[in-house]
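For reference, the structure is listed below as structure tokens.
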Amino acid sequence: MTTAPLIEARDLTKTYVTSEPYTAVKGIDFEVRPGEAFGVLGANGAGKSSTMRMIACVSPVTSGTLRILGMDAARDGERIRARLGVVPQDDTLDTELTVRENLLIYGRYFGIPWKALRERCDQLLAFSRLEDKGSQAVSTLSGGMRRRLTIARALINQPEILLLDEPTTGLDPQARHLLWERLFQLKEDGVTLLLTTHYMDEAEQLCDRLVVMDAGKIVAEGSPADLIERHSTREVLELRFAAHERQLMIDKCAGVTERVEVLPDRLVLYTGDGESTLAAVHALGVRPAGAFVRRSTLEDVFLTLTGRSLVE
Amino acid sequence: MTTTAAVRGLTYWLFRYRRTWRGSIVISVVNPLFFMIALGLGLGKLIDDRPNPQLHGHTYAEFIVPGLLVAAVMQTAFLEAAGPVFQSTRPTGNYRSASATPLRPADIFHGHLLFWLLRAAQNAILFIAVCACFGAVDLVHATLLVPIAVLVAVAFCAPASAWAVTVDRPAKLNMMFRFVILPLYMFSGTFFPIEQLPSWLQPVAWATPLWHGIDLARGVALDTATLPLTLIHVAYLAAFTAAGIAFARRNYRRQLYV
């Protein structure tokens, strides 16, 4: 069995030609394989959305090559788009139309015959848990429902690849979990997922493999576990201090572990064993107002690679 | 392929129109009704008292019907092209969602253009029907005026949408309406022959597409049309349409594929 990549980017670059030309994506390489959930993790402005728009064939590639489903993004935009599902960051649902009409119209854009389209609408409304909302106006839906409808809409053409640009930004925890569960179901059904996010928990939950983007470049690539192993320690000790002795305590902690990050609200010590590091800190006479040992996450990977936290 | 893609784009606008058709029909009927009462019965009585060579033996109502029709069609064409195109192009607009599908920017434009064409025909038929009720136009001439009105509508929709797709602030739409569309309405021969304008203003009127539309429609309605002038009017409006479509296709591509 061959596993030719579904998406293949080589030296992919995007420059916006405005009064001040701006290069959002600076020569990135990556591959997305059939059936995997591939994530692009990065802070706002890292070039995630620009990359997604090029893959969606609505943004011309400035230089480099981008092949999707074996076709060239620059030449075969229509044929590629016919086989993609796109969940944009901006909610482009039509608030003048009902839930069902939104699906019907979108299906017609793909030229799906009316009869097949009506059946598929029923299936997708059930899939997105909106069966009883079909005749309601989109304006009456909650944020989570709208996002589920946008995903249902993106699935109308039974796409081979689903592109999701920050799918859960702005949703409450319950709505996020329901959405993740639906995306997980899609993955089980064999749909290839490509998503951008600035939430590390989302990347850990959903992605088999991911790239970390910073300032238009890919700075790391691998599975969440790989990345944590390569770019962070097993555990992390977080300390918080009272404001008046903060600086003094930070100075005392210097050198306890190989890597120490000073963040605005806390001190982060990277260690193989959090409890023994905490004991070592206590032995130095450090009295934290709060101490917390946890496992390393992608947030720590991001901090290591870029020196910044993901959500600021 | 291209035609079917444009029809798919049109489907969207027809779905939207299912929500608003009643109101739009009321406007299409009330607008000519008020004009016929005010200008045909009111002002017209005053004017028809004296013989006027400009009217070629017709009543004032018969004289203004083609002007009012073409001007009203232009106004509707601008209002339906400019605002909706601006809204559709915004980051959350329907053009954006359509761009993610196999439809190309040109298909999206053509679909919207088809909708304007249908609306213009509907609007013109209702307008003429109201005027016919006042006896200001007969059936034969009315039938001839509809295609002229549709040509004028397309000649305005195409350039208006080519411009509106690039607009960044809604205030610009109002400015265009106030400073371009309204003066055209007033000074292109809608209410009076442009020969009444100061002589230096007349060449300006000749250059406007609305005057060509009105003069074409009036010539047909009053049986004063000559072949060369008719050809010039049609060619001018066709050229405006062709240029508008070419610019729109280019601008839609540039705006939707950033």
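B:L41 to B:A121: extension gain in nm, 0.36 nm per residue of separation minus the Cα-Cα distance?
On the way: separation 80, 0.36 × 80 = 28.80 nm, distance 2.61 nm.
The B:L41-B:A121 span can extend by a further 26.2 nm.
Please compute the modelled spin-label separation between A:S135 and B:L231, points set 7 Å along Cα→Cβ, answer in nm with one decimal.
5.9
What dipole magnitude, in Debye to the nearest 20, does chain B give about its Cα centre under +1 on Lys/Arg Cβ and -1 on Asp/Glu Cβ?
That gives a dipole near 1420 debye.
Can you give me the P(r) profile for the stretch A:7-221? Cα pairs, bins 10 angstrom wide beginning at 0, each as a whole percent.
8, 34, 36, 19, 3
Over all directions, average the projected area of the Cα convex hull of the stretch B:116-243 and note it in nm².
8.8
Please list, in chain and number order, the residues 5+ apart from A:K217 or on another chain whose amide H is under 5 Å from its amide H, with Hs placed from the backbone.
Those qualifying (amide H under 5 Å, at least 5 residues apart or on another chain) are A:K26.
Below 8 Å, C-alpha to C-alpha, sequence gap of six or more: please give me the relative contact order for chain B in percent.
Computed value for chain B: 28 percent relative contact order.
A:E229 to A:D172: FRET efficiency via 1/(1 + (r/R0)^6), r the Cβ-Cβ distance, R0 22 Å, to the nearest 0.05?
Numbers: r = 32 Å, r/R0 = 1.46.
Efficiency computed from Cβ-Cβ geometry: 0.10.
How large is ³J(HN,Hα) for each residue in the stretch A:164-179, as worked out from phi by the Karplus curve 6.51 cos²θ - 1.76 cosθ + 1.60 (θ = phi - 60°), to whole Hz, x for Gly and Pro?
Result, rounded to whole Hz: 10, 9, 6, x, 10, 4, x, 9, 7, x, 5, 5, 4, 5, 4, 5.
Output ³J(HN,Hα) for the stretch A:68-75: one whole-Hz value per residue in order, computed from phi by the Karplus curve 6.51 cos²θ - 1.76 cosθ + 1.60 with θ = phi - 60°, and x for Gly and Pro.
Running phi through 6.51 cos²θ - 1.76 cosθ + 1.60 with θ = phi - 60° gives 10, 6, x, 10, 8, 4, 6, 10 Hz.
Once you charge only the Cβ atoms, +1 for Lys and Arg and -1 for Asp and Glu, what is the size of the charge dipole of the protein assembly as shown about its Cα centre, to the nearest 20 debye?
For this selection, approximately 980 debye.
List the residues, sorted by chain then number, that are 5 or more residues from A:E36 or on another chain and whose placed amide H is less than 5 Å from its amide H.
Amide H neighbours of A:E36: A:L193.
For chain B, take the alpha-carbon Rg, divide it by the Kirkwood Rh, and send me Rg/Rh.
Values: Rg = 19.0 Å, Rh = 19.1 Å.
Rounded to two decimals, Rg over Rh is 1.00.
Between the stretch B:45-94 and the stretch A:9-66, what's the alpha-carbon centroid distance in Å?
About 49 Å separates the Cα centre of the stretch B:45-94 from the one of the stretch A:9-66.
May I ask which residue of B:P159, B:A149, B:V29 lies farthest towards the positive end of the charge dipole of chain B, with charges of +1 (Lys, Arg) and -1 (Asp, Glu) on Cβ and the Cα centre as origin?
Value computed over the given set: B:P159.
Expressed as a whole number of Å, what is the distance separating the alpha-carbon centroids of the stretch A:135-194 and the stretch B:101-116?
Centre-to-centre (Cα) distance: 27 Å.
One quarter of the convex hull surface, Cα atoms only: what value does that give for the stretch A:241-293 in nm²?
3.3
Quick one: Karplus J couplings for the stretch A:27-42, per residue in order, coefficients 6.51, -1.76, 1.60, θ = phi - 60°, nearest Hz, x for Gly and Pro?
Karplus-based 3J(HN,Hα) across the stretch A:27-42 equals x, 9, 10, 6, 9, 10, 9, x, x, 8, 9, 10, x, 10, 9, x Hz.
Counting only pairs 8 or more places apart or on different chains, how many lysine pairs in the protein assembly as shown have C-alpha atoms closer than 15 Å?
6
Can I get the semi-axes of the protein assembly as shown's equivalent ellipsoid? Compute them from the C-alpha gyration tensor as square roots of 5 times the eigenvalues, in angstrom, largest first.
Values for the protein assembly as shown, descending: 63, 24, 21 Å.
Among B:P53, B:Y95, B:L41, pick out the residue whose Cα is farthest towards the positive end of the charge dipole of the stretch B:10-122, where Lys and Arg carry +1 and Asp and Glu carry -1 on C-beta, about the Cα centre.
Sorting the options by dipole projection puts first B:Y95.
Quick one: helix B:2-35 against the long Cα principal axis of chain B, what's the angle to the nearest 10°, folded into 0 to 90?
The angle comes out near 30 degrees.
What whole number of Å gives the distance from the Cα centroid of the stretch B:135-174 to the Cα centroid of the stretch A:81-131?
Measuring centre to centre over Cα atoms gives 33 Å.
Each reported figure results from applying straightforward, stated rules to the coordinates on display, with no laboratory input. Just so we're clear, the structure is a prediction, and the values are computed from it rather than from any experiment. Cβ atoms come from the backbone with ideal geometry, glycine included; neighbour counts cover every protein chain shown.
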